[in-house]
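Working notes, beginning with the structure itself.
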Amino acid sequence: MSDSTEMRGPVTRRRRTTISGSGNGAVGVKQANGSKWHDAGEKPPQYPAKAKTDELSRHASNNGKVNRHTGVSGQQQLANTPRKQKSAAEDINERLSCHVLQESLLSSASGYSNYRGILNWCVVMLVLSNARLFLENIIKYGILVDPIQVVSLFLKDPYSWPSACLIIVSNVFILAALYTERRLAVGTISEMTGLILHIINLTSLLIFPSATVLTLTSMTPVGGVLSLGVYTVLFLKLYSYQDTNRWCREIRQAKAKRLTRSYSCPSVAQSNGSAVHAHVSYPGNLTHRDMYYFIFAPTLCYQLNFPRSPRIRKRFLMRRLFEMLFFMQLLVGLIQQWMVPTIQNSMKPFQEMDFSRMVERLLKLAVPNHLIWLIFFYWFFHSSMNFVAELLQFGDREFYKDWWNSETVTYFWANWNIPVHKWCLRHFYKPMLKKGINRFLAQTAVFLVSAFFHEYLVSVPLKMFRLWAFMGMMAQVPLAWFVGRFLNGNYGNAAVWMSLIIGQPVAVLMYVHDYYVIHHGGTT
């Protein structure tokens with residue numbers, strides 16, 4: 001017993017020493033960590049195994065906390081190994097397979113549509129090619145731009161201004177339409193009498209200026225085009241004016257309401273200094289102020305109450321004015337420097353009927369002609385019409401739409417000149433459809449009227465009748481059918497652009513050639 005006791009004693013004591021040693025080790029750690037057990041005279045803990053359990057629990061609780069030394073949480077440390085294995089597997093897969101199912105960018109099935117770089121390249125190439133042509137023109141002909149020569153295009157005699165006088169006389173027709181509508185409003189003349197007076201007035205609007213241009217030798221072709229253009233616009237405006245007032249009388253008769261007179265464009269001042277234009281009812285619109293506002297407004301369709309902008313934006317107005325002056329000078333310079341020499345050099349191939357050289361002259365003229373047409377479009381439909389609209393606080397600024405995206409010929413003619421399109425739709429096309437006329441025949445009739453005015457504005461000032469503009473406009477009817485039937489998408493858009501680029505210089509060369517033959521004694 002004693003032996004066994006003696007044998008157990010040292011073993012037990014040795015175990016206790018080991019445990020107590022581990023406890024002392026724990027005590028040593030605590031002391032190293034700044035514990036104050038021994039400083040305070042306290043005894044070390046009697047159960048060191050519990051300290052180990054606390055240490056493990058603290059380690060587990062800090063599993064989601066960031067390690068102060070490494071900056072990595074315990075969960076991230078546990079997840080690093082599978083992620084590393086996954087990334088390694090993905091890296092191996094990427095090495096093994098480098099192809100996927102996909103289309104080429106230039107294929108329509110790819111769905112790719114960002115061709116901005118190609119568009120920029122086209123612009124750069126266009127600028128460089130035209131710069132070469134312009135430099136060649138300067139080297140060959142020198143500087144041909146002469147602002148004084150532009151004045152001679154409008155005036156032969158500085159003391160005689162036939163175009164300006166003709167435009168001033170147009171006020172007679174404006175006042176005749178206004179006074180006729182006033183008599184119709186109060187019932188002093190019948191509807192049939194008013195219709196006859198309007199027909200006489202509108203017919204005189206076309207006959208009187210054309211007869212004046214043809215008879216006056218002092219009228220230049222450019223002055224004739226300007227004056228006839230003003231009278232053509234007045235014709236369309238006054239036609240819309242009498243049509244709209246007739247509709248108002250029909251509505252009045254249908255409703256049988258009492259009429260109240262009101263001023264045409266009265267304004268009520270607001271606290272912010274702007275003006276709100278009150279609505280006008282028929283026949284309160286039959287005033288001089290209302291009439292002349294419509295005459296100068298950038299629209300061909302009359303209505304009693306136009307949308308009005310709240311104020312005049314001075315910066316916007318000055319920008320449009322600067323654009324008008326700049327592009328006008330640019331147009332004159334390009335015509336004198338680029339168009340005139342090319343047209344003069346084209347006369348001899350046309351007289352000799354040299355077909356190859358005629359085609360070469362035509363293609364050479366197509367570039368400056370198309371560039372001048374684009375600049376004219378921006379100058380007239382954007383700069384000039386926005387300037388007038390801003391000055392008159394005219395609210396409807398939709399003078400054009402995205403005609404450059406036209407995939408059909410009819411879409412182009414319906415969107416490049418919105419004021420004319422609205423007039424044709426409101427006063428000509430829809431009334432024909434209401435009368436039961438076929439849609440295709442109505443469209444053909446619209447092109448026929450447009451062809452008449454195109455020829456009217458060219459042949460009368462040039463004092464010759466060759467019908468090139470008329471035939472060019474009527475050729476749009478079969479072209480519209482062909483493009484709409486057989487060409488779609490980009491092919492249709494390309495066909496529209498080709499008709500614009502090639503068709504216009506053909507008509508220009510035809511008229512210039514005939515004018516040269518008539519006035520300079522050339523022979524074909």
What FRET efficiency do you get for Gln344 and Asn120 if R0 is 56 Å and r is their Cβ-Cβ distance, rounded to the nearest 0.05? 0.95
How large is ³J(HN,Hα) for each residue in segment 215-229, as worked out from phi by the Karplus curve 6.51 cos²θ - 1.76 cosθ + 1.60 (θ = phi - 60°), to whole Hz, x for Gly and Pro? 8, 7, 6, 7, 7, 7, x, 5, x, x, 4, 5, 5, 5, x
Per residue, what volume in Å³ does the convex hull of the Cα atoms of segment 314-521 enclose? 150 Å³
Please work out the FRET efficiency for the pair Ile312 and Phe486, using the Cβ-Cβ distance as r and a Förster radius of 56 Å; give the result to the nearest 0.05. 0.70
If packing is taken as the average number of other Cβ atoms within 10 Å across a peptide's residues, how do 490-501, 437-448, 362-373 rank, most packed first? 362-373, 490-501, 437-448
What does the accessible area of Glu90 come to, in Å² to the nearest 10, when a probe of 1.4 Å is used? 90 Å²
At R0 = 41 Å the Cβ-Cβ FRET efficiency linking Ile200 and Arg357, nearest 0.05, sits at 0.20
I need the Debye-formula profile for segment 436-521: one equal scatterer per C-alpha, no solvent, reported as log10 I(q)/I(0) at q = 0.11, 0.12, 0.15, 0.26 1/Å, two decimals. -0.39, -0.46, -0.66, -1.24
Projected label distance in nm at Phe380 and Phe326, using a 7 Å step from Cα toward the beta-carbon: 2.1 nm
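The values are calculated or read from the model by the stated rules, or taken from the named source; none is laboratory data. Note that this is a predicted model, so its numbers are computed, not measured. Here Cβ is always computed from backbone atoms with ideal geometry, including for glycine, and neighbour counts include all displayed protein chains. These area figures cover heavy atoms from the full protein model, side chains too; ligands, DNA and RNA do not enter into them. Shrake-Rupley method; radii C 1.70, N 1.55, O 1.52, S 1.80 Å.
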